[in-house]
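Please read the structure below before turning to the comments.
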Protein chains: 4
Amino acid sequence: MRTGYLVPQWHVERWLNAESPLTLEDLRGRVVLLIAFQMLCPGCVITGLPQARKVKAVFSEQDLAVVGLHTVFEHHEAQGQVAVLQAFLHENRLDFPIGIDAHARPGALPDTMLEYGLEGTPTTMLIDRRGRLRLLKFGHVDDLQLGAAIATLIAEDRNASAQGDLDMDHGSRQGQ
Amino acid sequence: MRTGYLVPQWHVERWLNAESPLTLEDLRGRVVLLIAFQMLCPGCVITGLPQARKVKAVFSEQDLAVVGLHTVFEHHEAQGQVAVLQAFLHENRLDFPIGIDAHARPGALPDTMLEYGLEGTPTTMLIDRRGRLRLLKFGHVDDLQLGAAIATLIAEDRNASAQGDLDMDHGSRQGQ
Amino acid sequence: MRTGYLVPQWHVERWLNAESPLTLEDLRGRVVLLIAFQMLCPGCVITGLPQARKVKAVFSEQDLAVVGLHTVFEHHEAQGQVAVLQAFLHENRLDFPIGIDAHARPGALPDTMLEYGLEGTPTTMLIDRRGRLRLLKFGHVDDLQLGAAIATLIAEDRNASAQGDLDMDHGSRQGQ
Amino acid sequence: MRTGYLVPQWHVERWLNAESPLTLEDLRGRVVLLIAFQMLCPGCVITGLPQARKVKAVFSEQDLAVVGLHTVFEHHEAQGQVAVLQAFLHENRLDFPIGIDAHARPGALPDTMLEYGLEGTPTTMLIDRRGRLRLLKFGHVDDLQLGAAIATLIAEDRNASAQGDLDMDHGSRQGQ
């Protein structure tokens, strides 16, 4: 999946923390932070998910939606259980909508993960108000750069054309 | 459970990462770091268990044994599944013996947790070469103080009498 | 000094890392991060100044200027020496312009510190493209919120009117 | 300077935070943590000196002495001023004895730094109750390992023979 292009609809078999299924179209007009995670992935528990919670607390809900995508590609039997995931969300105080990635092809990666070409978890994606992918990063994302990227997208006029990749690499090479 | 006294035998219904059931008597002569945890407890994943792994790497196995105790007192249905725990251990690269706390009284706390009087997870315990409890701390334990406490116990002569509480409180009030 | 209002000109008796004296007017059209510090203040060395360096690395120089203000209000004899400050800048790899706050009234606070009403060091200020104060925070500023605040100001049209306080408090209450 | 050998007397031209000059002989019978630092060295302010303060708070004064050595090998004119160092100690709340390394040969390294063969700052040294060097590390020292090393030395009988290098490298390769 390349930055600057429309993000194809995700394939979710079940939603938690949501009253009804959520589509990308429902979120059009807002910036979306989409975090792909697995509940047994330590990097998700230690950095990715706490950062997503913090993002939700810092920005206004009118401007930004935080959505989780549970993409189980390891330990299916263990991580594929909804009751365990629900307990996990409770313990980690994650109250934003969580979609469970569909899995049409046994033995293959989950459907959305495959279509989006995700490398692993955690992966953080930013989608602009018009539905275009603007940032996709596997692993740790620096707080300063993430805050800047989100605010940049929030500030974009809804009618303005997307400007491609936010080019976080510049900063991540030099930052820290 | 008070420091300075012999630790009663734990009640474990099943061991992982161990070829046969492990008893406190088996470990007599070595210092034991016992960490009580739950796999869905964020504080365990973020601080308690990585610290236990680091302790295992820093000290010699002849001097110190690291043992985990999975004490499920919340979300039994979710955390009580051995397959999920096994995946968790794999993902968090925990290769020391893990005992699953027995649970004879449904609705009550797990047996060892109850007998030891543990407040929650993570809880770190240090047991000396003679089997006596020397430190019991719920929550975060400072690295500097933990390293000092373990080395102090390792240095004690096997025949010397235990000297009671290591009095970590002194330091934790002033440290920072 | 209240957010939303024009920042009065600073009073600098000498500039380091600058070929000629720098005025707020020189920077009009760019966002300015102004960090007030003292070289012997541990919080400045540990958090404030490294954050300013990181901000400089992450954002484009065309959009953002980072400026330091050395406001000596303690240990004048020690911190007031330019040779020591120069060595300090070298050791901390600070290469952005640093103004030394003027000190017209012996025994009083330095002039800019007094006029701006700064409480201590480090203090971080954000000034928008039109020269108005938009954020003033004494102590630690969260990276996520700072990145968002700077990007928000960068995105503002140069002709648009300032919108007052960025209201970081909302986030800092809830973040963490 | 090799571990296991007696540490030669330091060469100090002036002591701060001490009523009278301090010698290694004065400290015989206690373990000594000696931290070599420069006040304008960021790594000293950020990690080395706060760690030394924490060590002082955690261990008993009867068992351990913490001593600082200000070894100015860069920016002599700036860092060589006692008034600046005094302000620095005050701001960083360092209340243990600080020796200013003597400097008999202009253009060369300070005397103690040269004799001890120190590579830079911060450098942490541990000296046992009998005056022998047991650990010498340039740069960051892990808290868990430092706590263990100090407690190990404290536990050694005053009459027992030194056992050489504490071999922190074993742990540092595997820890983290």
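Of note:
- When each of A:LYS54/C:LYS54; B:LYS54/D:LYS56; A:LYS54/D:LYS137; A:LYS137/C:LYS137; B:LYS54/C:LYS56 is checked by Cα-Cα distance, pairs over 28 Å: A:LYS54/D:LYS137; A:LYS137/C:LYS137; B:LYS54/C:LYS56
- Cβ-placed point charges (K, R +1; D, E -1), dipole of the stretch A:73-126 about Cα centre in debye, nearest 20: 60 debye
- Each other residue within a Cβ distance under 15 Å of A:GLU74 adds +1 if Lys or Arg and -1 if Asp or Glu, for a net charge of -3.
- Whole-number accessible area per residue in Å² for the protein assembly as shown, which is evaluated in the context of all protein chains at 1.4 Å: 43 Å²
- Cα-based shape type of the protein assembly as shown, given that a ≥ b ≥ c are square roots of the gyration tensor eigenvalues and the cut on a/c is 1.5: oblate
- The angle between the Cα long axis of helix B:82-91 and the main principal axis of chain B comes to about 50°, on a 0 to 90 degree scale.
- Separation between Cα centres of the stretch C:45-79 and the stretch C:120-148, rounded to whole Å: 11 Å
- Legend: mean number of C-beta atoms from other chains within 10 angstrom of residue C-beta atoms, peptide A:48-59, equals 4.
- Accessible area of chain D belonging to carbon and sulfur atoms, whole % at 1.4 Å probe: 46 percent
- Diffusion coefficient (Stokes-Einstein, Kirkwood radius over C-alpha pairs, 25 °C, 0.890 mPa s) for the stretch C:30-112: 184 µm²/s, rounded to a whole number.
- Between C and D, accessible area buried - total, square angstrom, nearest 100, 1.4 angstrom probe: 1500 Å²
- Its Cα centre serving as origin, the stretch C:1-78 has a Cβ charge dipole (Lys and Arg +1, Asp and Glu -1) of approximately 300 debye.
- When +1 charges are put on Lys and Arg Cβ atoms and -1 charges on Asp and Glu Cβ atoms, the dipole computed for chain A relative to its Cα centre reaches about 240 debye.
- Per-copy distances of the C:TRP15 label point, shortest first, in nm (7 angstrom along Cα→Cβ): 4.8, 5.5, 7.2
- With Cα atoms, 0 to 90° folded angle of helix D:49-58 axis to chain D main axis: 50 degrees
- Remark: label point of B:HIS90 defined 7 Å out from Cα along the Cα-Cβ vector; separations to the same position in other copies 2.6, 5.6, 6.1 nm, ascending.
- Net charge contributed by nearby residues that have their C-beta within less than 10 Å of B:CYS41 (K/R +1, D/E -1): -2
- Of the peptides D:36-44, B:56-64, the order by per-residue mean of other Cβ atoms within 10 Å, starting with the highest, comes out as D:36-44, B:56-64.
- For q = 0.12, 0.13, 0.21 Å⁻¹, Debye-computed log10 I/I(0) when each Cα of the stretch A:12-163 counts as one equal scatterer: -0.47, -0.56, -1.47
The values are calculated or read from the model by the stated rules, or taken from the named source; none is laboratory data. Only a predicted model underlies this, so the values are computations on that prediction, with no experimental measurement involved. Don't worry about glycine lacking a Cβ; one is built from the backbone with ideal geometry, like all the others, and counts go over all protein chains shown. These area figures cover heavy atoms from the full protein model, side chains too; ligands, DNA and RNA do not enter into them. Shrake-Rupley method; radii C 1.70, N 1.55, O 1.52, S 1.80 Å.
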